[in-house]
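**Q** Below is the structure I would like to discuss, written out as C-alpha cells.
The values are calculated or read from the model by the stated rules, or taken from the named source; none is laboratory data. Predicted model, so just to flag it, every value in this text is computed and none were measured. Note: ideal-geometry Cβ built from the backbone for every residue, glycine included; neighbour counts use all protein chains shown. Surface areas here come from the heavy atoms of the whole protein model, side chains and all, with no ligands, DNA or RNA. Shrake-Rupley method; radii C 1.70, N 1.55, O 1.52, S 1.80 Å.
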Amino acid sequence: MLPNKLGEILIKQGLIRSDQLQAAVTEADRTKTRLGPTIVTLGFLKDSQILRALEKQYGMPGVDVAQFEIESSLSIIVNRDFCEKHCVIPLSKAGTTLVVAFADPSNLQVRDDLRYLTKCKIQPVVATESTILTAISKYYAVATNDLIVKGEEAEVETQMTNTASAVEVGDATSDDAPVVKFVNGILVEAIRRRASDIHFEPYEKKFRVRFRVDGGLVEASSPPLNSGPSICARIKIMSKMDIAEKRRPQDGRLKIRLNKQNREMDFRVNSIPTMWGEKIVMRLLDKSTLQLDMTKLGFEVEDLKIFKSAINLPQGMVIITGPTGSGKTSTIYSALTELNRVDTNISTAEDPIEFNLEGINQVQMNSEIDLDFSAALRAFLRQDPDIIMVGEIRDLETAEISFKAASTGHMVVSTLHTNDAAATITRLTEMGVPPYLITSTLNLVVAQRLVGKICESCKEQQQVPEATLLNLGIPKVDVPRFQIFRGKGCAACNGTGIRGRLAIFELMPMTEKIKDAILRGASSGELRNICREMGARTLRRSALLKLARGETTIEEVINSSVRDDI
C-alpha cells in the first residue's frame, strides 16, 4: 500500500490527525520503514485499529496474520521477493483457490500477476503491513539458487525413521526436494537476519526452528511435524555426520558460498537425541563479522592499554573468562591477530576451531585419537613456540602444562568458565594449581560479557525514576549525567530495539597486593575488594559506562552483570 493512501484512509476515518500523519511519514522516511508499522511504533494507533479501518475501507474481511498458522508449502508457490515488494502473503490453498493477504487489496495489477504466477483463483483478504512483513520473515525460505553447498555428495538416498519414507536428497538446485529447499532457505535466512545460532527442535506436537539474534531466541519457522526427521537427516548429510546414529551426540561442520554476496560461511553443527527426536544446533561462523580490531571490541581506553601491555609481554599467562557466548573467542582472536608477526610462532589448541587465521598454526582437538588439550600442549613445547593459545583449561593436567609453558619463556593465552575475574583464582586453586605458580606466571585475568546495543533506527530517550538508577548501583551524585535510551522496535531490529552487541570487561592485573593476597589464601570476595580499592572497573561499572553513553539499556545492564555490593 502506498504510504499516502494509508494515511488518507486513517484521516478520513478520524483515527489520526494530519500532524501525526506528517510526523509518521517523516519518521518512516528517516528509518526507511513502511508507514503502517511506523504509526504503530510511534504509539498513534494499535495494529488492530489499522486493521479495522482497512476492513471498513475495502469492504472485505481482515485477517490478523500474526495469529494465522500459514502452511509452509505455500512459500514455494509465491516467491519472497514478490511478497516483500507488494506486501502480500499467501495464507491457504483449497483446490484452485488461493487465499492471499494484501496490505492494499485495491491493486488489481498485483492480483492479476498472482493469478498468472500461481494459476489459481485469488481470494483477497486485507491485513496490516507490519503483520504481513513479520509473517514473511517467519515463514519464508529464501530462494535456493542463492546458495551453493560445498563438499557434499551430489545424490544420496537415505532411509529416515520408520514413520518416514525414503527421501532423495539432491543438490541445492533440485526442483523435486522440498526438504533441500527448506534447509537451504533457513541457512540463507539466518545469515540475512544476522543470527549466531540456528536451533532445529522436535517436540511432541510440533517441530520448531529458532534463530538466536543479538543474544535472544526468536521463532523463525514451524515446518510440519513429520518433516522433522527429513530435515535433520538433510543437515547431517551436509555436515558429514552419521545419519544412522541417532542415539549419541554428534559434531559436524558445513561450508556454504553465497553467490550474490560472493562470500563463504562456515557452520558448526551439533546433534543430540531428545525425547521426541534429534535436536540440531548450528553455530554460524562468519569471518566477515569477526571483530579483530581490538579498539572496537568494547574496551575502555585505560583497560585496552592494560590488556595490550599484558599480551605483549614475552612470557606469562593471560586468562579470559566468561560463559559460553560471551565473546571470548573474538577477544582471543583479536589478541592473536595483534601478536601475529613473521618473527613469531603461534600455535593454538582449539575445540573446535571456529575461524581460520592466516599465519597461525591451529590444531583441532580429537578425543577419538586422544588428542586433547594436554596432549597438544606437550607437542607444542617441542615445536619451538613463542605464543600458545589453549582453548580452555578444563583439568589439572592441562592447567599444569599451561603454567609450566608460561613459566619457561612462552606467552600463553587461555580461557576458563567463571563468573568474574576474582573467581578465576579460586577455580585454579580448587583445580590443584599451587598459589605460588599462579602468582609467578599469571599476568592478567579478563572477565567479559556481552550487552545488546540499542538500534540506531528506533532509538529514543526514556524517562526513568531515580530509584531505578540507584538500584543499579549508580551513586546519587552521578545520576544526573545518565540519559537513558531504549529502542522502540522497528523492522531493522526485528522489533526488539536491539541491533548488535558490545562487550563489557573486568580486568584484574596481578599487582603485588593481589599476589600477596593469593599466597595467603584469600577468598574471591577479598580479591574483589582489593580490586575495587585499586580502582579496577567491574563488569557492572563497565556496563554502566555504556548505559551513560546511551549505547545500551537498563535491561541489558541487569541481565549481563550484578551489583558490586552483591
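**Q** Classify the range 56-120 as rounded, prolate or oblate from the Cα gyration tensor: take a ≥ b ≥ c as the square roots of its eigenvalues, call it rounded if a/c is under 1.5, otherwise prolate when a/b beats b/c and oblate if not.
**A** Verdict is rounded for the range 56-120.
**Q** If you roll a 1.4 Å probe over the chain with all protein chains in place, what percent of the accessible area is carbon or sulfur? Spell out each step's value before the answer.
**A** Numbers: 13240 of 26630 Å².
Taking all protein chains in place, the chain shows 50 percent carbon and sulfur surface.
**Q** Could you give the size of the charge dipole of the chain about its Cα centre, using +1 on the Cβ of each K and R and -1 on the Cβ of each D and E, expressed in debye and rounded to the nearest 20?
**A** The calculation lands at about 1460 debye.
**Q** While we're on this one: Kindly report the accessible area of the range 1-120 per residue (heavy atoms of protein chains, probe 1.4 Å, no ligands, DNA or RNA), in Å².
**A** For the range 1-120, the per-residue accessible area is 54 Å².
**Q** Calculate, for N79 and E555, the FRET efficiency according to 1/(1 + (r/R0)^6) with r their C-beta to C-beta distance and R0 56 Å; round to the nearest 0.05. Walk me through the intermediate numbers first.
**A** Values: r = 38 Å, r/R0 = 0.67.
So the FRET efficiency works out to roughly 0.90.
**Q** Also, quick follow-up: Just how far, in whole angstrom, is the range 501-566 from the range 339-415 if you go by their alpha carbon centroids?
**A** 28
**Q** Using a Förster radius of 60 Å, what is the FRET efficiency between V479 and S92 based on their Cβ-Cβ separation? Nearest 0.05, please.
**A** So the FRET efficiency works out to roughly 0.65.
**Q** Could you tell me how many degrees, from 0 to 90 and to the nearest 10, lie between the Cα long axis of helix 47-58 and the main elongation axis, the longest principal axis, of the Cα atoms of the chain?
**A** Computed tilt is about 20 degrees.
**Q** Would you please give the FRET efficiency between W276 and F355, computed as 1/(1 + (r/R0)^6) with r the Cβ-Cβ distance and R0 = 45 Å, to the nearest 0.05?
**A** 0.85
**Q** Here is a follow-up. Could you list, by residue number, the cysteines of the chain that have no other cysteine's beta carbon within less than 4.7 Å of their beta carbon?
**A** Among the cysteines of the chain, those whose Cβ sits 4.7 Å or more from every other are C83, C87, C120, C232, C531.
**Q** Enter the angle in degrees (range 0 to 90, nearest 10) between the Cα long axis of helix 228-238 and the first principal axis of the Cα atoms of the chain, meaning the one along which they spread out most.
**A** 50
**Q** Rank these residues by their accessible area, most exposed first, probe 1.4 Å: M282, M60.
**A** M60, M282
**Q** Still on this structure, please answer the following. Got a sec? Which residues in the range 434-472 would a label at L519 touch, if it sits 7 Å along Cα→Cβ and we count backbone N under 11 Å?
**A** 436-437, 439-440
**Q** Let me ask something additional. Give me the one-decimal nm value for the distance between modelled label points at M534 and E300, 7 Å along each residue's Cα-to-Cβ direction.
**A** Once both label points are built, they end up 1.5 nm from each other.
**Q** Another question about this same structure. How would S271, S92, S18 line up by accessible area, probe 1.4 Å, largest first?
**A** Descending order: S18, S92, S271.
**Q** Report, to the nearest 10°, how far helix 328-339 tilts away from the longest principal axis of the Cα atoms in the chain, using its own Cα long axis and a range of 0 to 90°.
**A** Roughly 60 degrees between the two axes.
**Q** If each of L225 and A23 carries a label point 7 Å out from its Cα toward its Cβ, how far apart are those two points in nm?
**A** Each label point lies 7 Å from its Cα, and together they span 4.8 nm.
**Q** Compute the accessible area per residue over the range 367-468, keeping the other protein chains in place, probe 1.4 Å, unit Å².
**A** Working: 4400 Å² over 102 residues.
Computed with neighbouring chains in place, this is 43 Å² per residue.
**Q** Could you please put L437, L377 in sequence from largest to smallest accessible area, using a 1.4 Å probe?
**A** Largest accessible area first, the residues go L437, L377.
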